Number of protein chains: 2
Amino acid sequence: MGRDERGVTPQSEDFSAWYNELVAKAQLVDRGPAKGTMVIRPYGYRLWELLQAELDQRIKDTGHENAYFPLLIPESYLQREAQHVEGFAPELAVVTHAGGKELEEPLVVRPTSETIIGEMMAKWVSSHRDLPLLLNQWANVVRWELRPRMFLRTTEFLWQEGHTAHADEAGAMRETMLALGLYTEVCRDIAALPVVPGEKTPGERFAGAVRTFTVEAMMRDGKALQSGTSHYMGTNFADAFEIQYTSQAGRLERCHTTSWGMTTRMIGAVVMTHGDDKGLVLPPRLAPYQVVIVPIGRGEEVPAAARELAGRLKAAGVRVHVDDRDHLSPGYRFNDWELRGAPVRLELGPRDLESGTVVMAMRLGQEGKRTIPLGSVAEIMPGVLADFQAFLLRRATEFREARTRTADTWQAFADGVTSGWASAPHCGRAVCEDDIKAETAATPRCVPLDAPPSGGVCVRCGQPGAYGKRVLFGRSY
Amino acid sequence: MGRDERGVTPQSEDFSAWYNELVAKAQLVDRGPAKGTMVIRPYGYRLWELLQAELDQRIKDTGHENAYFPLLIPESYLQREAQHVEGFAPELAVVTHAGGKELEEPLVVRPTSETIIGEMMAKWVSSHRDLPLLLNQWANVVRWELRPRMFLRTTEFLWQEGHTAHADEAGAMRETMLALGLYTEVCRDIAALPVVPGEKTPGERFAGAVRTFTVEAMMRDGKALQSGTSHYMGTNFADAFEIQYTSQAGRLERCHTTSWGMTTRMIGAVVMTHGDDKGLVLPPRLAPYQVVIVPIGRGEEVPAAARELAGRLKAAGVRVHVDDRDHLSPGYRFNDWELRGAPVRLELGPRDLESGTVVMAMRLGQEGKRTIPLGSVAEIMPGVLADFQAFLLRRATEFREARTRTADTWQAFADGVTSGWASAPHCGRAVCEDDIKAETAATPRCVPLDAPPSGGVCVRCGQPGAYGKRVLFGRSY
């Protein structure tokens with residue numbers, strides 16, 4: 001493979017081509033044979049595993065238990081909640097034959113599991129003592145996708161879906177916000193994504209939800225990516241599946257339920273938030289290899305020293321890889337790990353070994369190449385990685401702030417959503433949202449939780465603002 | 001819920017009823033709505049997570065990387081390997097409609113992933129430098145099941161499937177045996193299952209394999225449960241999917257591939273190997289709660305002391321749970337944790353607190369109830385749990401040995417497979433295997449790897465023995 005085969009189209013030329021080429025060339029993903037499916041390759045899957053471990057720990061620490069529910073759901077289950085089936089019907093994959101026969105009732109491949117989990121919750125909950133019921137599932141789901149995009153929109157994707165049942169609205173709303181908080185934290189602290197948590201406007205709600213909350217991230221082309229959602233269902237699913245309990249007072253009451261999910265699209269978010277024309281830039285906390293050591297030159301001494309150094313880094317808790325492919329030139333290997341986004345590269349040659357030093361290069365080239373004593377590498381590395389993690393978050397935050405326009409006029413709004421987001425008062429009417437979308441391709445991303453109160457009239461139609469604060473608009477994936 | 005609702009049919013009366021009742025009442029599993037599907041409840045799923053973590057670590061430590069391949073496979077893929085499709089066709093679930101339309105080519109819900117992984121391997125492997133390619137996937141698979149049994153035979157189950165490609169037979173066979181070794185180790189050291197590793201006879205091979213290896217466990221009714229399998233595929237799948245590489249000498253060569261899997265049926269194996277008439281008996285290394293503390297009596301002091309003790313146990317690396325459901329009697333809670341198989345129960349009442357002691361009861365009642373100083377509980381517990389783990393393995397090994405009959409006559413063989421296994425010379429002919437099965441319901445479980453060389457004529461037909469050693473026969477799940 002020559003250098004050119006690894007090069008990617010510059011972001012400024014065609015962001016979409018840059019992304020598609022990069023996720024393939026960095027070996028994160030490959031196309032599956034069935035329409036819109038993806039193969040998550042080891043390097044991409046390792047990213048997912050690292051994210052999963054962080055999120056799973058937080059889900060468990062907040063009292064949730066993992067369980068597993070069937071993939072195949074009777075078609076009739078989905079029909080029990082009217083809005084839910086309306087939202088998902090066009091995307092369903094349906095098993096009509098099994099075991100060599102036509103099934104009496106077709107089975108849907110789960111697009112999400114509210115219905116089947118609702119059915120089981122109804123069976124498991126009977127007393128107020130059974131509440132809250134706090135469940136989570138790590139699973140694959142299938143939603144037929146006409147315009148697939150690796151990680152972002154695929155026919156099958158991996159996710160976790162939390163499903164909880166509560167005695168009342170207050171409990172369920174606390175849960176909805178707790179899950180949103182976990183997503184905000186994981187995005188910010190692990191993936192270095194400075195997401196904006198907020199509420200979706202009514203037109204953007206999940207099919208069957210009473211309220212939908214989201215964390216929105218800004219990609220380097222200024223578009224928004226919904227990176228996790230948390231829904232308060234009211235009693236919609238409890239009504240459809242009869243999830244009820246006897247209260248302390250002895251009355252039969254309906255539960256209030258929630259659901260919340262984060263998916264493999266997070267990998268796409270990381271690629272499009274931090275990557276550049278040389279390739280991926282991975283936040284250390286998600287990087288499969290935080291440090292890659294490239295031994296230079298022939299002979300046994302340098303590779304042996306590289307392995308010894310790797311051992312010390314590993315002992316210091318660093319994920320490290322020695323790239324000893326000596327049939328490839330050092331330059332080729334340097335480029336390869338820039339393409340694949342390793343945060344730190346250590347170059348080790350015979351002269352370095354003689355002088356007891358190693359050359360350290362950061363993925364974004366900050367501070368140029370530095371020569372550091374071999375003996376101190378393992379000691380300083382955790383700090384170097386933490387600094388790089390913080391730098392990526394700061395850079396992404398500054399980028400998002402620079403590209404978010406406070407807009408009080410239509411012109412400012414239209415300009416804002418061309419290169420990023422616009423923060424503006426809105427009337428809250430669906431027809432006005434549609435009108436904005438038709439004109440600019442922008443949609444309301446969320447009403448940010450932490451936005452200050454703000455008056456003003458709708459930036460599009462001049463009617464009174466509906467939310468008491470500004471709404472964030474942007475084009476989105 | 002009264003005591004009787006939790007009681008289970010004794011093993012001696014109806015082993016099958018005992019199992020079915022226990023896995024439901026201990027809240028490991030529930031029935032799913034679609035035929036043969038199961039819901040793995042939090043207590044059962046936690047067992048799976050703990051097993052998964054142990055196996056995953058070993059898979060990674062031996063150089064394999066996790067990846068994820070699509071659930072939906074074009075039907076034509078399966079047809080490329082003749083034996084493979086013949087074996088799996090009757091069990092397939094087929095998606096014929098998606099996105100509101102009939103599909104041009106039906107998609108099969110994966111029953112196993114040799115075909116789709118074979119297709120990708122062909123794309124990823126070109127040089128001898130790309131080998132060995134060592135992949136693993138954690139996933140759900142679907143095989144339509146006419147006689148479902150929770151965990152043991154379900155329409156959908158969870159598993160890991162290792163898939164590897166090698167330059168030659170020697171490399172692939174080393175890998176096949178390495179995977180078998182991992183399974184043997186995980187069964188023995190984690191699940192306390194003294195499995196017998198061995199090779200399947202030709203009639204029992206995986207569809208498409210050249211050689212199939214297995215680890216066989218004995219349940220407490222004397223039946224065998226195949227607990228993990230490892231297959232050497234020769235070049236069968238490499239031929240079907242053109243998985244090939246250029247050798248160092250510049251020649252185009254076919255790869256040799258392997259696959260190996262372990263599934264959620266392991267939970268059933270643990271239940272049926274260690275459980276008794278009171279309920280589950282969980283090996284500490286898989287127990288969601290290794291120690292359950294039951295505070296006795298009213299007031300705040302005892303529960304507070306229980307939580308403090310739990311904190312010290314947790315700090316000592318013990319998985320501990322405080323059952324403070326004070327609306328339930330102590331006796332009810334004791335029985336509940338016997339049903340659910342917690343290895344150690346600690347009973348803590350006001351008098352214990354006064355005297356600075358706690359009452360410890362082992363799940364199998366060994367040594368009766370012991371009174372131990374509160375201050376030493378956390379210190380001794382890791383040892384107590386390790387002893388219990390070793391005890392379970394020893395007990396299961398003695399049981400298996402006592403129920404395995406070395407048989408040189410047909411009468412001894414027939415007697416042996418009534419209550420356990422028979423170890424006997426066999427001619428290796430499929431018709432003779434069929435004859436034995438028709439007569440006794442026993443099948444060849446494996447030719448044990450570590451069996452000593454042994455001559456003798458076939459225990460059934462008198463023809464010469466085929467394997468140079470005895471074959472293990474038994475009835476099986």
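Here are some notes:
A quick yes/no check of all residues on (1) within 12 Å of another protein chain (Cβ to nearest Cβ); (2) under 16 Å from the mean Cα position of the chain (by Cα):
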{"residue": "B:21", "(1), (2)": "no, no"}
{"residue": "B:30", "(1), (2)": "yes, no"}
{"residue": "B:39", "(1), (2)": "yes, no"}
{"residue": "B:43", "(1), (2)": "yes, no"}
{"residue": "B:58", "(1), (2)": "no, yes"}
{"residue": "B:65", "(1), (2)": "yes, no"}
{"residue": "B:77", "(1), (2)": "yes, no"}
{"residue": "B:81", "(1), (2)": "no, no"}
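- Selected residue (only one of A:62, A:112, A:9 is outside the structural domain of residue A:241 (by TED's automatic domain parsing) and within 30 Å of residue A:191 (Cβ to Cβ)): A:9
- The numbered conditions (1) closer than 21 Å to residue B:155 by Cβ; (2) surrounded by 24 or more Cβ atoms within 10 Å (Cβ to Cβ); (3) hydrophobic (A, V, I, L, M, F, W, C) are all true for residue A:94 except (2).
- Any chance residue B:54 is within 13 Å of chain A (Cβ to nearest Cβ), farther than 18 Å from residue B:112 by Cβ and touching a residue at least 12 places away in the same chain (Cβ under 8 Å): no
- Residues of the range B:305-318 that turn out to be open to solvent by less than 50 Å² (accessible area, probe 1.4 Å) and under 14 Å from residue B:358 (Cα atoms), as a count: 5
- Failed condition for residue A:321, given (1) part of a strand (DSSP E or B); (2) open to solvent by 10 Å² or more (accessible area, probe 1.4 Å); (3) touching an Asp or Glu at 6+ places or on another chain (Cβ under 8 Å): (3)
- Residues of the range A:261-303 that are aliphatic (A, V, I, L, M) and part of a strand (DSSP E or B): A:262, A:291, A:292, A:293, A:294.
- Residue list for the range B:118-137, filter: touching a residue at least 60 places away in the same chain (Cβ under 8 Å) and under 28 Å from residue A:96 (Cβ atoms): B:118, B:119, B:137
- Of all the criteria given as (1) open to solvent by 50 Å² or more (accessible area, probe 1.4 Å); (2) assigned to a loop (DSSP other than H, G, I, E, B); (3) within 13 Å of another protein chain (Cβ to nearest Cβ); (4) modelled with pLDDT of 95 or more, the one not satisfied by residue B:111 is (1).
- Residues in the range A:83-101 that are of a type in the set (Gly, Ala, Ser) and within 7 Å of another protein chain (Cβ to nearest Cβ): A:93, A:98, A:99, A:100.
- Among the criteria (1) in contact (Cβ under 8 Å) with a residue 60 or more places away in the chain; (2) open to solvent by less than 20 Å² (accessible area, probe 1.4 Å); (3) closer than 30 Å to residue B:200 by Cα, the one residue B:381 does not fulfil is (3).
- Only listed residue being over 30 Å from residue B:247 (Cα atoms) and touching a His at 6+ places or on another chain (Cβ under 6 Å), chosen from B:142, B:109, B:94: B:94
- Residue identified as among the basic types (Lys, Arg), in the same structural domain as residue B:53 (by TED's automatic domain parsing) and under 30 Å from residue A:324 (Cα atoms) among B:147, B:129: B:129
- Among the residues of the range B:132-189, those identified as open to solvent by 50 Å² or more (accessible area, probe 1.4 Å), part of a loop (DSSP other than H, G, I, E, B) and more than 26 Å from residue A:141 (Cα to Cα) are B:132, B:147, B:168.
- The set of residues in the range A:18-43 that are crowded, with 22+ Cβ neighbours inside 10 Å and over 28 Å from residue B:106 (Cβ atoms) comprises A:18, A:19, A:22, A:23, A:26, A:28.
- Residue check for residue B:85: assigned to a strand (DSSP E or B) and either of a type in the set (A, V, I, L, M, F, W, C) or buried (at least 24 other Cβ atoms within 10 Å of the Cβ) (or both): no
- Residue match in the range A:137-154 (condition: more than 29 Å from the chain's Cα centre (by Cα) and more than 8 Å from chain B (Cβ to nearest Cβ)): no
- Close contacts from the range A:297-326, counting a first residue that is within 20 Å of residue A:338 (Cβ to Cβ) and a second that is of a type in the set (Phe, Trp, Tyr), with Cβ to Cβ under 6 Å and a gap of 6+ residues or different chains, come to A:319/A:289; A:321/A:289.
- Residue, surrounded by the most Cβ atoms within 10 Å (Cβ to Cβ), within the range A:419-462, restricted to residues that are of a type in the set (Val, Ile, Thr) and touching a residue at least 60 places away in the same chain (Cβ under 8 Å): A:447
For (1) among the acidic types (Asp, Glu); (2) open to solvent by less than 10 Å² (accessible area, probe 1.4 Å); (3) within 23 Å of residue A:15 (Cα to Cα); (4) in contact with a strand residue (DSSP E or B) (Cβ under 7 Å, 6 or more places away or on another chain), each residue gets a yes or a no:
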position: A:210; (1), (2), (3), (4): no, no, no, yes
position: A:227; (1), (2), (3), (4): no, yes, yes, yes
position: A:230; (1), (2), (3), (4): no, yes, no, yes
position: A:234; (1), (2), (3), (4): no, yes, no, yes
position: A:247; (1), (2), (3), (4): no, no, no, yes
position: A:252; (1), (2), (3), (4): no, no, no, yes
position: A:276; (1), (2), (3), (4): yes, no, yes, no
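- Strands (runs of 3 or more DSSP E) enclosed by the range B:337-396 - at least 2 residues per element that are within 14 Å of residue B:289 (Cα to Cα): B:344-348
- Looking across the range B:352-371 at every residue that is polar (S, T, N, Q) and closer than 17 Å to residue B:302 by Cβ, the one that is surrounded by the most Cβ atoms within 10 Å (Cβ to Cβ) is identified as B:357.
- Residue list for the range B:92-131, filter: out of contact with any Leu (no Cβ under 9 Å at 6 or more places or on another chain) and farther than 30 Å from residue B:253 by Cα: B:101, B:102, B:103, B:104, B:105, B:106
The values are calculated or read from the model by the stated rules, or taken from the named source; none is laboratory data. Not measured: the values here are computed from a predicted model. No Cβ is skipped: glycine too gets one built from the backbone with ideal geometry, and neighbour counts run over all protein chains shown. These accessible areas exclude ligands, DNA and RNA; they are computed on the full protein's heavy atoms, side chains included. Shrake-Rupley method; radii C 1.70, N 1.55, O 1.52, S 1.80 Å.
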